[in-house]
1. Considering only region 126-143, how many residues are assigned to a loop (DSSP other than H, G, I, E, B) and under 14 Å from the mean Cα position of the chain (by Cα)?
2. Would you say SER121 is closer than 17 Å to ILE72 by Cα and surrounded by 12 or more Cβ atoms within 10 Å (Cβ to Cβ)?
3. Does region 69-120 hold any residues that are among the acidic types (Asp, Glu) and within 25 Å of SER45 (Cβ to Cβ), and which are they?
4. Only one residue in ALA67, ALA91, ALA86 is buried (at least 20 other Cβ atoms within 10 Å of the Cβ), without any contact (Cβ under 8 Å) to a residue 24 or more places away in the chain and over 23 Å from GLY147 (Cβ atoms). Which one?
5. Filter region 82-101 down to the residues that are more than 11 Å from the chain's Cα centre (by Cα) and among the hydrophobic types (A, V, I, L, M, F, W, C) and list them by number.
6. Looking at region 96-118 only, could you name the residues that are surrounded by 13 or more Cβ atoms within 10 Å (Cβ to Cβ), aliphatic (A, V, I, L, M) and closer than 20 Å to ILE82 by Cα?
7. It is to be established whether one or more residues within region 68-79 are among the aliphatic types (A, V, I, L, M) and at pLDDT 95 or above.
Amino acid sequence: MIALTEYVSEIQISYHPTKRKEVVISSSADAYEELKEWFPMDTISLQERFVVLYLNRANKVLGAFLASSGGITGTVADPRLIMSVALKTAAVGIVLAHNHPSGNLKPSRADELLTRRIQESGNLLDIQLVDHIILSRNSYLSLADEGLL
């Protein structure tokens, strides 16, 4: 008998502990501060990126995942990959984040649709979409704070 694992690909999550304090996300400002390190300031106005923070029940950050790195006008984030990492890390909450190279913080229609798709996916899996942050070099917009979640 052939094992199923010989034919099925698996997502691997790596664990690299650091000596930094545990980060708790209790506001959009907390999320923004934690996410800034994932958006290099030398390319934030050039290339769009999409990053996801994964949270435990106490909203402590379990880890982050660079879901997509794109071009000047957009990037594609796959909800299936985002949720597969959430399941693999046993996350109960996620914070989405991406930048607009233009510096405009207003969510596009595509941003709103993707957010809704990921939120609905999370609802099916009992994984809460805590926030979706749009970053620029010096500021951010929180879809949760704006009442868009």
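The values are calculated or read from the model by the stated rules, or taken from the named source; none is laboratory data. Computed from a predicted model, the values in this text were never measured in an experiment. Glycine also receives a Cβ, built like all others from the backbone with ideal geometry; neighbour counts cover every protein chain displayed.
1. Of region 126-143, the ones assigned to a loop (DSSP other than H, G, I, E, B) are 126-127, 136-139, 143.
Those still in the list that are under 14 Å from the mean Cα position of the chain (by Cα) too: 127, 143.
Count: 2.
2. Details: closer than 17 Å to ILE72 by Cα: no; surrounded by 12 or more Cβ atoms within 10 Å (Cβ to Cβ): yes.
Here the answer is no, as SER121 does not meet what is asked.
3. ASP78, ASP111, GLU112
4. Values: ALA91 fails: without any contact (Cβ under 8 Å) to a residue 24 or more places away in the chain; ALA86 fails: without any contact (Cβ under 8 Å) to a residue 24 or more places away in the chain.
When all the criteria are applied, what remains is ALA67.
5. Those that are more than 11 Å from the chain's Cα centre (by Cα) and among the hydrophobic types (A, V, I, L, M, F, W, C): LEU87, ALA90, ALA91, VAL92.
6. Hits for region 96-118 are LEU96, ALA97, LEU114, ILE118.
7. Filtering region 68-79 down to residues among the aliphatic types (A, V, I, L, M) leaves 72, 76-77.
Those left that are additionally at pLDDT 95 or above: none.
No, region 68-79 contains no residue that is among the aliphatic types (A, V, I, L, M) and at pLDDT 95 or above.
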